[in-house]
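Below: the structure, in structure tokens.
The values are calculated or read from the model by the stated rules, or taken from the named source; none is laboratory data. Quick caveat: nothing in here was measured; it's all calculated off a predicted structure. In this analysis, Cβ positions are derived from the backbone assuming ideal geometry, glycine residues included, and neighbour counts consider all displayed protein chains. Ligands, DNA and RNA are stripped out before the accessible areas are found, and what is left, the full protein with its side chains, is counted by its heavy atoms. Shrake-Rupley method; radii C 1.70, N 1.55, O 1.52, S 1.80 Å.
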Amino acid sequence: MKQRCAWVGTSRPRPGIFLLIFISALAATRAAADPSASDRAAGRKFLAQVEAIREGAKIPGLAVVVLRGSETVLAAGLGYADVAARRPVTADTPFNIASVAKPISAVVALRLVELGELDLDRPLASFEDFAEYRVSARAAGGLFFSDFDADPKVALTLRHVLAMTANGTPGTRFFYNPPVYSWASRPMAQAAKTSFSELTARHVFMPAGMADSARQHRKLPLPANLAARLAKPYHVAPDGEVVPSAAPAAQGDGAAGGVIATANDLARFDRALTEGKLISAESRRLMWTAGRAPDGRALPYGLGWFVQEQAGEKWIWHTGLWDGAYSALYIKFPGRDLTLILLANSEGLNWQQNLDEAAPERSPFVMALLADFPR
């Protein structure tokens, strides 16, 4: 299905890819060896590659932002938020960001720690309803709970949950477990005596200026102004055609997902986070430090973020996937002072990855970015 790109800031698409792309300039006040020209050129090259990859993956609509430090190098929309209505995507189109909500939730947890309201090492068994949850989860078994220990004497903590080391003997190995991470909202809400969605608005959305973002769950509908602009979900049918998908099922007020946001708002989150407006530099360092197994092996997750060394370079990232509906990628390369944010209204950003591994190098979007913005 051939799509057209969306020129950010206008209401109707125009023909021709490069006439339909918005590349924002970097600050003009830099020194004589101003890197903005080279970054703009890299942005144009990268966006052309993104468009080719998008079309190959049959992604109906895709929002993309690239940051160099706190400056926006690229903010663009490609394709459609609503194919039938031919409503174009822009960098201000809201998407369901799925598991990219996990880094946001981790920031909430660390802010509560800073305020003295939460202890990451308090046994979860001491929180209301956890014993019941643990037993029911263990009884359910399956992919996420076959080795989830139901013994209340095992000292499972919120730190283990946020670090994705809750399975097996807590703290000993990495295993990506969204259902357990989702439950992390409960101790946060109990400790702060406030709903988790309210905590997220108070400690992330408002201080970061994320006016186009909101949490939603069974008891909290999406605000009308966001619902009207939300990118509609799609999937690729067995015959290869891109067709509409059902809206994701309503969930509880959990920490693993439930966030609607725009690419530009995630850029605001990124700036606020790195500039110390959400949590302290020490909390940020803790969040972005890879875990360690008892034998000293590095684990590929910090607190709410994947954290890895690839070819001597640190990668900090998270993906989001709602099967058959939405996908997202948010990845940072501190050594290059570079950040990429991608939001899609299909699962086209996803790559094959087991629950005990992390392999962002399998993303063609990531590899294109690294090629176009070298160290």
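Could you please state how large a percent of the accessible area of the chain is carbon and sulfur, counting protein chains only and using a 1.4 Å probe?
54 percent
Peptides 136-145, 321-330: what's the order by average Cβ count within 10 Å, highest mean first?
In descending order of packing, they fall as 321-330, 136-145.
Applying a 10 Å radius around every beta-carbon, put 101-109, 223-231, 167-175 in order of their mean neighbour count, most first.
Listed from highest to lowest mean packing, they are 101-109, 167-175, 223-231.
If the reach is capped at under 13 angstrom between alpha carbons, list the aspartates and glutamates near K58, excluding any in the same chain fewer than eight residues apart.
D239, E241, E347
At 222 nm, what value in deg cm²/dmol follows for the chain if DSSP H runs of at least 4 each add -39500 (n - 2.57) and the sum is divided by all its residues, to the nearest 500?
-8000 deg cm²/dmol
Counting only heavy atoms of the protein chains, get the accessible area per residue of the stretch 187-270 (1.4 Å probe) and round it to a whole Å² value.
Heavy-atom accessible area per residue stands at 44 Å².
Suppose the chain between A48 and R202 were pulled fully straight at 0.36 nm per residue; how much longer would it get relative to their current alpha carbon spacing?
Contour length minus Cα-Cα distance gives 51.6 nm.
Over all directions, average the projected area of the Cα convex hull of the stretch 97-217 and note it in nm².
7.5 nm²
Below 15 Å, Cα to Cα, which aspartates and glutamates can K45 reach? Residues fewer than 8 away in the same chain don't count.
Candidates past the 8-residue exclusion: D372.
Out of residues 5 or more away from W322 or on other chains, whose amide H comes under 5 Å of its own, with H placed 1.01 Å from N in the peptide plane?
S327
How much accessible area per residue does the stretch 308-365 have, counting only protein heavy atoms and a probe of 1.4 Å, in square angstrom?
35 Å²
Ratio to report: Rg/Rh of the chain, with Cα atoms as the point set and Rh obtained by the Kirkwood method; give two decimals.
Rg/Rh for the chain comes to 0.96.
Percentage of Cα-Cα pair distances in the stretch 249-330 greater than 19 Å, rounded to whole percent?
51 percent
Report, as a whole number in µm² per second, the diffusion coefficient that Stokes-Einstein gives for the stretch 64-148 at 25 °C and 0.890 mPa s using the Kirkwood radius over alpha carbon pairs.
140 µm²/s
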